Structures are given as structure tokens and as C-alpha cells.
Amino acid sequence: MSLKKWGIALRSLKQVPVKNFYYMLMYAFRYPLDQFQEVIQTKEPTSPIDLWAMLFNREVGRLIRQGLVKEYQPVKEETGTIRGKIQFPESIQHQSFYRAKMVCEWDEMDANVTANRVLKSTLERILNDNSVGKEIQLESSRLLTYLLDIPSIELTNRTFQSLNVKGRYKAYHLAFYLSEMIAADAFIEKGQSQNRLDTIDESKNLGNLFEDFVREFYRLHLPGFSIGSETFTWGNHPMLPKMITDISMKSANRYIIMDTKYYVSALSQQFDVEKLRSAHLYQLNAYLQHAKLMAGAEMTIEGVLLYPKVDKGFDETFELLGHKVRVCTLDLTASWRRIEERLMTVVSGCI
């Protein structure tokens with residue numbers, strides 16, 4: 001996404017109430033909506049970056065209290081006590097035996113792992129950002145004292161792609177997401193093009209949040225449906241691509257496939273006339289055709305393309321190759337109650 005186009009999106013996002021971002025996060029990560037309610041009620045954040053930083057501090061504090069993840073790290077030093085493997089060549093080279101010592105190598109549990117280095121570097125970024133509230137920075141400074149022995153790391157796209165959120169690192173999942181949003185700096189006006197678009201893809205981060213939020217919202221509010229992502233294949237050949245739906249919703253007789261699209265503009269211009277984006281319709285149609293092959297004759301298959309409202313809203317329903325399709329927007333600047341009502345209305349014809 002170009003800087004110009006991202007700027008357009010940011011101007012719209014600045015109108016989104018900070019609490020709406022909070023609720024989206026809670027849904028996306030399957031947290032109770034009141035999980036951090038006391039945090040934002042004590043001192044309500046005035047900007048998205050304040051919200052990210054405030055919740056990040058809370059997550060880091062929790063991780064410190066439960067104990068940071070440690071991994072075995074190799075240690076090599078000259079010692080008077082035999083430990084692990086004796087390194088004879090180095091012991092001879094350093095003439096360690098004259099000092100009644102030997103160079104040994106062994107493994108020790110150490111918190112110096114990439115995950116914790118990301119935590120530290122994010123706290124440092126919060127401290128160096130003048131747009132973050134002072135009280136939030138003070139808390140970040142306090143938390144940093146627990147990570148003094150851990151080195152920093154450059155927060156780049158490659159760093160975040162290397163992070164693991166499985167096993168013991170599952171507890172870090174929300175902290176990693178918040179760290180990436182803070183590193184992306186998507187909500188801080190610098191007056192210049194230095195918002196790290198070269199290393200962090202902000203639109204992807206927000207697009208993932210939007211998709212996860214919508215999926216988890218329906219998972220909670222449509223109890224009669226099985227909801228999740230679904231993988232379609234073209235065949236068994238290894239060269240053939242796989243298609244993964246954003247959201248598939250199935251009941252006894254309904255099959256809804258929803259694609260969420262986080263775009264600056266949901267419509268394209270053709271000869272000065274606004275049109276729906278053909279690539280998005282092609283993709284949704286491919287999903288619907290595959291679903292038709294898998295579903296029983298009694299299933300009604302329908303599709304939805306859902307965009308966050310940026311410049312203008314719309315709601316269109318039509319038939320696409322025998323399937324009902326709805327293409328519409330969700331206004332994230334509305335009250336949260338209106339957002340919930342709108343999401344239920346989007347699928348009201350399908351339940």
C-alpha cells in the first residue's frame with residue numbers, strides 16, 4: 001500500500017473510537033470483553049497507540065509475574081569446577097591448568113530469547129515515542145527494569161515472522177500482536193514518511209485484526225452455526241494452490257462464506273463509474289463453487305464480502321451464478337452497539 005493511500009485510511013481510522021479498537025482486540029483474541037476494562041476505565045486512552053501501549057504494558061507485567069519463557073543457551077567459560085564438556089584445545093591455548101581451571105561448555109536456562117528481546121525493544125520504543133502518554137511511559141520504564149539483562153532486537157517484519165505462538169509461547173500471542181502494531185507506528189503522525197512501511201505491513205496487521213474480530217464475533221453470537229476458516233483444494237497435485245476462506249458459517253441448512261477485505265477503497269473506478277472489485281468477486285465465487293460441490297442438496301449457499309467503511313458505505317445484494325451474494329461495509333466509527341447490530345444484520349437474511 002502506498003504512503004498516499006495509507007494516509008487516506010489513517011484519516012478515517014482516526015475517527016474510530018479507541019474503545020472500538022479495544023473491543024475488536026478482545027474478540028479477536030477470544031478474551032472476555034471486560035478482560036482489561038479496569039485498565040481503560042482507570043485512564044481512558046486518547047489514541048490507538050496509547051491503547052496498544054497500555055495493553056502491552058499490562059501483558060508484559062502478566063508475563064513477568066508468571067515467569068518469562070527461558071530456553072537452554074550454550075555457556076563457555078574458564079572455571080575451577082568441571083561442568084559439561086571440557087574444551088581441551090582452548091584450555092591448553094589459555095594455559096588454564098596453571099590456574100587450576102579448565103575451559104568448559106554447558107547449557108544454562110536463559111531468558112535471552114527472541115520473544116523476550118521483542119518485549120524489551122517494544123518497551124524501549126514506547127519510551128522513545130513522545131506521542132505516548134507519560135503515565136504509560138512511566139509504567140514501561142518500570143517494566144524495563146525486569147529485562148535489563150536481555151539485549152534489544154530490531155523490530156522488523158522478519159523478526160515478527162520468526163516468532164512462535166505455540167506451546168509455552170502461546171501466552172505471548174497478544175503481546176506480539178500489540179508489539180507489531182506499536183512497531184508499525186501506524187497511528188503516530190510524524191509529518192514525514194518514516195512510519196516503517198518498508199519493514200512492517202500495517203494494513204496486513206489491521207486486516208488480520210478485522211478478519212479475526214468478525215470471525216470471533218459470529219462464533220460467539222451465532223450459536224447454531226459451526227464457524228471457522230475452511231480450506232478448499234483444486235485437486236491432489238502438489239502444484240495446485242489451496243484456497244482458505246476467511247470465515248465459513250454452517251448450520252443444518254445454511255452455508256455462508258464471508259470474505260473480509262481491509263481496503264482503502266472497496267470500489268474501483270472504471271470510466272468514472274464505481275464498480276465492485278472484480279478480483280474480490282472472482283475469489284468469493286471460487287469459494288462458492290467449491291462449497292457447492294461439498295454441500296448437500298438441502299444446503300443454501302450464500303456469500304458475503306465485508307469491508308470496513310473508509311470513504312463511503314454501501315450495501316448491495318445480488319445473485320452471482322446461482323448464489324445470493326451481499327457486498328457491504330461496516331462503519332467502525334459507530335457506537336459499539338450499532339456495530340454489533342450491523343454485523344447481525346449482515347447475515348440476517350442467512351439465519
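Among the residues of the stretch 125-167, count how many are modelled with pLDDT of 90 or more, of a type in the set (D, E, K, R) and part of a helix (DSSP H, G or I).
5
Could you say whether any residue in the stretch 274-281 is at pLDDT 90 or above, under 22 Å from D315 (Cβ atoms) and either surrounded by 12 or more Cβ atoms within 10 Å (Cβ to Cβ) or not assigned by TED's automatic domain parsing to the domain that holds Y307 (or both)? It would help to see each step written out before you state the result.
Filtering the stretch 274-281 down to residues at pLDDT 90 or above leaves none.
Looking through the stretch 274-281, none of the residues is at pLDDT 90 or above, under 22 Å from D315 (Cβ atoms) and either surrounded by 12 or more Cβ atoms within 10 Å (Cβ to Cβ) or not assigned by TED's automatic domain parsing to the domain that holds Y307 (or both).
Here is a yes/no grid of residues against (1) of a type in the set (D, E, K, R); (2) at pLDDT below 95; (3) in the same structural domain as E302 (by TED's automatic domain parsing):
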site: H173; (1), (2), (3): no, yes, no
site: L197; (1), (2), (3): no, yes, no
site: F210; (1), (2), (3): no, yes, no
site: R215; (1), (2), (3): yes, no, no
site: M239; (1), (2), (3): no, yes, yes
site: K242; (1), (2), (3): yes, yes, yes
site: K250; (1), (2), (3): yes, yes, yes
site: R254; (1), (2), (3): yes, yes, yes
site: T260; (1), (2), (3): no, yes, yes
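Please work out if L284 is at pLDDT below 85, outside the structural domain of F21 (by TED's automatic domain parsing) and in a helix (DSSP H, G or I).
Details: at pLDDT below 85: no; outside the structural domain of F21 (by TED's automatic domain parsing): yes; in a helix (DSSP H, G or I): yes.
Spelling it out, it is not the case that L284 is at pLDDT below 85, outside the structural domain of F21 (by TED's automatic domain parsing) and in a helix (DSSP H, G or I).
Would you be able to tell me the number of residues in the stretch 315-337 that are touching a Phe, Trp or Tyr at 6+ places or on another chain (Cβ under 9 Å) and part of a loop (DSSP other than H, G, I, E, B)?
First, pick out the residues of the stretch 315-337 that are touching a Phe, Trp or Tyr at 6+ places or on another chain (Cβ under 9 Å): 324-330, 332, 336.
Subset that is part of a loop (DSSP other than H, G, I, E, B): 332.
Total meeting the criteria: 1.
Return the total of residues in the stretch 222-246 being in a loop (DSSP other than H, G, I, E, B) and surrounded by fewer than 11 Cβ atoms within 10 Å (Cβ to Cβ). Give the steps one after another, and end with the answer.
Taking the stretch 222-246 as the starting set, the residues that turn out to be in a loop (DSSP other than H, G, I, E, B) are 222-225, 229-230, 234-241, 245-246.
Right, trim to surrounded by fewer than 11 Cβ atoms within 10 Å (Cβ to Cβ) and you get 223-224, 235-241.
So the count comes out to 9.
What about V69, is it touching a helix residue (DSSP H, G or I) at 6+ places or on another chain (Cβ under 6 Å), part of a strand (DSSP E or B) and aliphatic (A, V, I, L, M)?
no
Out of (1) more than 30 Å from M181 (Cβ to Cβ); (2) in contact (Cβ under 8 Å) with a residue 60 or more places away in the chain, the odd one out for Q95 is which?
Going through (1) more than 30 Å from M181 (Cβ to Cβ); (2) in contact (Cβ under 8 Å) with a residue 60 or more places away in the chain one by one, Q95 breaks only (2).
The values are calculated or read from the model by the stated rules, or taken from the named source; none is laboratory data. A quick note: this is a predicted structure, and the numbers were derived from the prediction, not measured. Here Cβ is always computed from backbone atoms with ideal geometry, including for glycine, and neighbour counts include all displayed protein chains.
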